[in-house]
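Right, one structure below, let's go through it.
Nothing in this text is a laboratory measurement; each read-out follows from the coordinates by a stated rule. Keep in mind that this is a model prediction, so the values were computed, not measured. Backbone-built Cβ (ideal geometry, glycine too); neighbour counts: all protein chains shown.
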Amino acid sequence: MAEKFSVIMFSGTADKFIPLGVLTQAAAAMEMEVSVFVTGFALGAFAKKHMEPPFPAEFAAMAPALAKGLKAAKVPSWEEMLRQAKDLGAKVYACSMMSEVMGLKKSDFSDLVDDVVGAATFLEKAENGQTIFI
């Protein structure tokens, strides 16, 4: 098993944030070195004035049932799971290029974001580990 687990989080839709929380929390609990690189449309969910990630149109009809099922199963939100992963050492980095394009500075991000870094810096952190793209 890889000792490092890295996620490149690009998507800005709610259906992608649930796996982000689940996988980072699980990897951190397994004592893996966890790094998340947030870029593209996902950046908005990490801003202090964040936009709640919407469900994609093709899943919109299922969203209420999913929300009800998650609540009934007492599944924490993606943000709570990511915070638990961070409590176990996970790191979250915002993409410097996309942050600049979107007019966001480090001070614009919530406390979930540890730093704003470039792609090369993130790839160095992810080197010799498992990396997934969401």
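Residue pairs, Cβ under 6 Å, 6 or more apart or interchain, first in segment 120-134 and among the small types (Gly, Ala, Ser), second in a loop (DSSP other than H, G, I, E, B). List them.
So the pair list comes out as Gly129/Ala2.
Mind telling me which of the residues Ser35, Ser77 ends up being among the polar types (S, T, N, Q), touching a Lys or Arg at 6+ places or on another chain (Cβ under 7 Å) and within 15 Å of Leu112 (Cα to Cα)? Before the answer, list the steps.
Working: Ser77 fails: touching a Lys or Arg at 6+ places or on another chain (Cβ under 7 Å).
Only one candidate passes the filter, namely Ser35.
Can you name every residue in segment 70-81 that is in a helix (DSSP H, G or I) and under 16 Å from Thr13 (Cβ atoms)? Can you show your working first?
At the first step, the residues of segment 70-81 found to be in a helix (DSSP H, G or I) are 70-72, 78-81.
Answer for segment 70-81, where residues must be in a helix (DSSP H, G or I) and under 16 Å from Thr13 (Cβ atoms): Leu70, Trp78, Glu79.
Being touching a helix residue (DSSP H, G or I) at 6+ places or on another chain (Cβ under 8 Å), part of a helix (DSSP H, G or I) and in contact (Cβ under 8 Å) with a residue 40 or more places away in the chain is the filter here, so list the residues in segment 43-69 that pass it.
Leu43, Phe59, Ala63 - these are the residues of segment 43-69 that are touching a helix residue (DSSP H, G or I) at 6+ places or on another chain (Cβ under 8 Å), part of a helix (DSSP H, G or I) and in contact (Cβ under 8 Å) with a residue 40 or more places away in the chain.
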